[in-house]
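Note sheet for the following structure.
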Amino acid sequence: MENFKVFLDVSDEGIKQSLKEMVEKDYVLATDDKDCEIYLTDVHTNKSQNAVNMLIANVVKIPDFKGLSDIDGFNHYVVYNENDFLVERVNQALTRQFAIKKGLKSTDSSQIMGVRALIQMDGIASDAGNGIQLPIIKTYDVRSSKERNKLAEEMEKFFEMLEPLIGQQSPTFAQYAVEIQEELLMNAIWDANPKHEKQPRTIPVDLDDNEKVILEWGFNGKDLAISVRDNFGRLNPQIMSKYVKFIFKTGTQESHQLNDRDVSAGLGMYMILQRANILSVFISKGKVTDVGVVICLSKKKRAKNQAPKVLDIFHVDK
């Protein structure tokens with residue numbers, strides 16, 4: 001990414017060198033924190049006045065982040081639990097920031113939103129056998145809440161189609177994918193839409209053309225990505241910031257209090273993150289909200305104990 005300068009301010013020696021090598025390979029490693037596009041740090045009290053501030057935080061170190069106000073001022077948060085997984089996700093986050101820097105009008109929005117923004121799709125075109133070509137991307141325009149059952153059935157069939165590529169899988173993965181998709185679709189159809197947000201979810205709704213929800217699935221041979229996008233951008237960045245602060249305040253998963261009224265808007269996303277490896281929230285206020293998840297189907301990425309996880313929250317106009 002020519003001339004895209006990233007300043008690295010990382011105190012954790014366990015990740016510093018790997019991040020440095022990644023930045024040097026794909027971007028420009030800045031030597032001046034006043035001359036960079038991205039200020040990438042794991043020090044929550046350090047920020048740039050000139051660049052996009054990206055905070056990376058290991059979930060086990062979150063209790064060290066004292067004072068909720070200390071994490072204000074960050075445009076992009078990446079919370080993770082596994083070092084190797086972090087480098088890959090930060091690279092993906094930087095790619096999205098680079099696309100934003102180029103300008104929304106002049107760049108392909110698929111680099112910023114949708115499944116291509118979540119997992120690596122470029123350079124993997126191949127014949128996987130059984131008549132299946134990789135990568136696989138499926139897109140649906142959802143115009144009615146009544147389509148959800150059919151889409152759940154299609155997801156189950158999608159997993160059956162993938163079985164020859166990924167081997168015999170526990171039905172749990174398909175179940176998780178269906179549950180995640182259902183939660184994201186309900187949020188986009190009802191909560192995001194000012195016309196329907198106060199209606200009971202038991203009452204079906206039909207959407208006008210400008211209200212349609214875009215659902216995408218993507219598979220690259222290893223990872224399954226699901227993206228749900230609405231055209232309202234009403235997932236208030238302040239609400240998401242409260243959710244981030246909730247995570248920073250409580251520290252470990254065991255200490256999360258799911259009935260905390262201040263973060264009720266984020267509870268569904270917390271539940272999703274328990275099922276997925278990545279939860280990504282892209283917010284452009286008043287324009288679009290794109291919520292995506294990644295489920296790692298490759299056995300290589302399944303940790304011995306807890307699966308690698310990342311929470312990636314991205315405000316483009318904060």
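Before moving on, here are some points about what is shown:
- Entry note: the stretch 97-238 has Rg to Rh equal to 0.99, where both radii use alpha-carbon atoms and Rh is the Kirkwood radius.
- The stretch 110-177 shape via C-alpha gyration tensor axes, a/c threshold 1.5: oblate
- FRET E, pair GLN49, GLU197, Förster distance 41 Å, beta-carbon r, rounded to 0.05: 0.65
- Remark: C-alpha extents of the stretch 1-112 on the principal axes read 41, 28, 28 Å, sorted largest to smallest.
- Dimensionless Rg/Rh of the stretch 189-246 - Kirkwood Rh, Rg from C-alpha atoms: 1.06
- Whole-number D in µm² s⁻¹ for the chain, Kirkwood Cα-pair radius fed into Stokes-Einstein, 37 °C, 0.692 mPa s: 162 µm²/s
Read-outs: derived from the displayed coordinates by stated rules, not from any lab. Just so you know, these numbers come straight off a predicted model, no measurement behind them. Reconstructed Cβ throughout: ideal geometry from the backbone, glycine too, with neighbour counts over all protein chains shown.
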